[in-house]
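What follows is calculated from the coordinates using simple rules that are stated; it is not laboratory data. This one's a predicted model, so the numbers in the text were calculated from it and none came from an experiment. Every residue, glycine as well, gets a Cβ built from its backbone with ideal geometry; the counts of neighbours run over all protein chains shown.
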Amino acid sequence: MRAQVKVKIRKMSISDISEVLRIEESSFPAPWSYWLFFQELISPQRYYIVAEKDEKIIGYAGINWVIDEAHITTIAVVKKERRKGIASLLLKKLIEKAKELNLKFLTLEVRESNIAAQLLYLKHNFRVEGRRMGYYSSPREDALIMTLYL
Ligand SMILES: CC(C)(COP(=O)(O)OP(=O)(O)OC[C@H]1O[C@@H](n2cnc3c(N)ncnc32)[C@H](O)[C@@H]1OP(=O)(O)O)[C@@H](O)C(=O)NCCC(=O)NCCS
C-alpha cells in the first residue's frame, strides 16, 4: 500500500506564483512565465489550485471555461512527490468544480510522448478524442485531445 501523504488542496493566489514557477520550470520543456500565471489568476472563468504539504507547494492545476466547456490548462507535481496520488487529488478537485459549475465536459491537450499524463487522465476516465498536428513547439509534437464528459 502506498504511504499516505498529508496534503491540503487550496486556491492558488498571486503570492504563490514564484513557488509554482519552480515546479513549472522543472516540469515542462516550454514553461509558463510569471506573467502568464498572473494573467490567468486575474482573469474571470478560471480556477487554479495548489496542493500543499508541510506548507510547501508540491503541485498545482487549473481550468478555464467557456459556456459549458472546461479546459484543463495545466497540471504538475514536483518530481520527488510524484506517484503518490497528488495529481489525482488535484484532478478530482477540478472535476468537482466543473460539476459544480454545471459544465458538460472537461477537455485538454497532452503531448503524444507524455505517457505518464495520458495514463493519469485515462485513470480518471478521460478518453482520447482527437489529435492536433504540430500543436507543441520545443520540441515540435502533436497533441492528443482527451475529454471527460461530466
Ligand atoms: C503527469 C503528472 C502530473 C502526474 O502526477 P502524479 O502526482 O505523479 O500522478 P498520480 O500519482 O496521481 O498518478 C495517477 C496515475 O497516473 C498514472 N501515472 C502517473 N505517473 C506515471 C508514470 N510516471 N508512469 C506511468 N503511469 C503514471 C498511473 O496510472 C497513476 O496511478 P498509479 O500510481 O496507481 O499507477 C506528473 O508526472 C508531472 O507533473 N509531470 C510533468 C508535468 C506534466 O506532464 N503535466 C501534464 C501536462 S498535460
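Run the count for the chain, please: Lys pairs, Cα-Cα under 12 angstrom, 8 or more apart or on different chains.
9
Counting other beta carbons within 10 Å of each Cβ, put 68, 16 in order, fewest first.
Numbers: 68 12, 16 19.
Ascending number of Cβ neighbours within 10 Å: 68, 16.
In which sequence would 108, 36 go, from the one with the fewest C-beta neighbours within 10 Å to the one with the most?
Details: 108 21, 36 15.
Exposure proxy ranking, most exposed first: 36, 108.
On average, how much area does the Cα convex hull of the chain cover when viewed from any direction, in nm²? Working shown, then result.
Details: hull surface 35.9 nm².
Value for the chain: 9.0 nm².
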